[in-house]
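Novice: Okay, here's the structure, questions in a sec.
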Amino acid sequence: MKHAKKGRKFGRERDQRKALMKSLAFNLVKDEKIKTTEAKAKELRPAIEKIITKAKTDNLANRRLVSNRIGQIAAKKIFDKIAPKYKDRNGGYTRIIKMAPRKSDASRMAIIEFV
């Protein structure tokens, strides 16, 4: 039974899953809007929201934590441009918009973007 097991596996091993999430988070920060599958978007949302919450308080420790999770270039953009917009907001930094299924394999698609 799968009681109290959080997170999706996406048919990948642990390191591949971590790399996938890091890549999705990096691209979301870089482009501020990405189109992906609904499951990946739902899995990415809590991760990116925790990163932005960390980035709201700008200090060396938080910069290192965030850059470790998404890379140095994206971390710089989060601290300089994205996090200051959400200073007065207590969460809910992203929105997921569901789209029509993909033609090839009918997989549910979604757009995840910053509010």
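What follows is calculated from the coordinates using simple rules that are stated; it is not laboratory data. Note that the structure is predicted; figures quoted are calculated from it, not measured. Glycine gets a Cβ as well: all are built from the backbone with ideal geometry, and neighbour counts include every protein chain shown.
Novice: What value, in deg cm²/dmol to 500, does the helix sum -39500 (n - 2.57) over DSSP H runs of n ≥ 4 give at 222 nm once divided by the residues of the chain?
Specialist: Mean residue ellipticity at 222 nm (helix-derived): -14500 deg cm²/dmol.
Novice: Next up: Mind giving me the FRET efficiency for K42 and R89? R0 is 22 Å, r the Cβ-Cβ distance, nearest 0.05 is fine.
Specialist: Given R0 = 22 Å and the Cβ-Cβ separation, E is 0.60.
Novice: Continuing with the same structure: Please tell me the relative contact order of segment 14-114 in percent, rounded to the nearest whole number, where contacts are Cα pairs under 8 Å and at least six residues apart. Walk me through the numbers before you get to the answer.
Specialist: Details: 115 pairs, mean separation 37.6, N = 101.
Once normalised by length, the contact order is 37 percent.
Novice: Summarise the long-distance tail of P(r) for the chain by giving the % of C-alpha pairs beyond 24 Å. Numbers along the way, then the final one.
Specialist: Values: 1847 of 6555 pairs.
Pairs farther apart than 24 Å: 28 percent.
Novice: Another question about this same structure. For segment 44-54, take each phi angle, set θ = phi - 60°, evaluate the Karplus expression 6.51 cos²θ - 1.76 cosθ + 1.60, and give the result in whole Hz per residue in order, putting x for glycine and proline.
Specialist: Each residue of segment 44-54 in turn: 6, 3, x, 5, 6, 5, 5, 5, 5, 4, 4 Hz.
Novice: For K50 and N68, calculate 0.36 nm times their separation in residues minus their Cα-Cα distance, and state this gained length in nm to one decimal.
Specialist: 5.1 nm
Novice: Still on this structure, I have one more. Run the numbers for K76 and K2: contour at 0.36 nm per residue of separation, minus the present Cα-Cα distance, in nm.
Specialist: My answer for the length gained is 22.8 nm.
Novice: Using the Cα centre as the reference, give the magnitude of the dipole from point charges on the C-beta atoms of segment 14-114 (Lys, Arg: +1; Asp, Glu: -1; all else neutral), rounded to the nearest 20 debye.
Specialist: 100 debye
Novice: List the lysines whose Cα lies under 17 Å from the Cα of K87, skipping any in the same chain that are fewer than 8 positions away.
Specialist: K50, K54, K56, K76, K77
Novice: Can you give the angle from 0 to 90° between the axis of helix 14-31 and the longest principal axis of the chain, with both taken from C-alpha atoms, to the nearest 10?
Specialist: With both axes taken from Cα atoms, the answer is about 60 degrees.
Novice: For the residue pair F10 and I111, what label-to-label distance in nm results when each label sits 7 Å from Cα along the Cα-to-beta-carbon direction?
Specialist: Those two pseudo-labels are separated by 2.1 nm.
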